[in-house]
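Nothing in this text is a laboratory measurement; each read-out follows from the coordinates by a stated rule. Just so it is clear, the structure is predicted and the values come from calculations on it, not from any experiment. In this analysis, Cβ positions are derived from the backbone assuming ideal geometry, glycine residues included, and neighbour counts consider all displayed protein chains.
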Amino acid sequence: MLDPQIQLRANIASTWAQMQQRLTAAPCSPAFHDQLRDIAYLPDGLNEFVYAPGGVVKCSVDADAAAYSLGVPDVRTEAPNVSIWYDKPLDFLGRTRLIGTILVRDDLGIIVPPQPIPDVSSSWLSFEVLAVAGDNYRHRAGVTGIFANAKAAGPLAGYLPLHQAAFFSLLCAPNGASCVATKAPLSAVLAEHWPISCSVS
């Protein structure tokens, strides 16, 4: 379930590396737009970028824009120096009714479109996917609150259904940037794995 999140993080890191390497022209110049369009053509699913010094968007892949302040970021990390705005309306880019998560590092921003909800093989297993930045955990998909319940249930929650009569688990990517919490009610687990059939003679 975390594989798409891990791949997305890898794509973001590689795209930032390409931006650092390829963007040599003056910001928002015609050559800068050309360089951004070349990066947008990479096969990583990321194709909308902005130049946003101090969190103020000055231009995007296609055009210059009136200066637009993104406001106070939802998350700011120091190492690396990244600001994140989750689920931001993209009207300021002329993309009405669309949203994206904007990550800005060294004045260069990547806009990440909403990601598909992971496929879950069991209808009774509910989950919550979270993005992690430092001590900040942000709901990204699934059922809100499962992560909080998993933490409250403690380290034995995957073995003993002592909290809400359910099993909880928490799994994080190796780099810690994404986590998924799951909840499986005891009644559903019993019904799935130990069916009881009765016969009357």
| said: Using the basic label-point model (7 angstrom from Cα toward the beta carbon), what is the GLN164 to VAL56 distance in nanometres? | reply: 4.5 nm
| Under a straight-distance cross-link criterion of Cα-Cα below 14 Å, which aspartates and glutamates are reachable from LYS151, leaving out those fewer than 8 residues away in the same chain? | GLU128, ASP135
| task | Restricting things to alpha carbons, tell me how big the stretch 3-112 is in terms of Rg and Dmax, in Å. | result | 13.0, 38
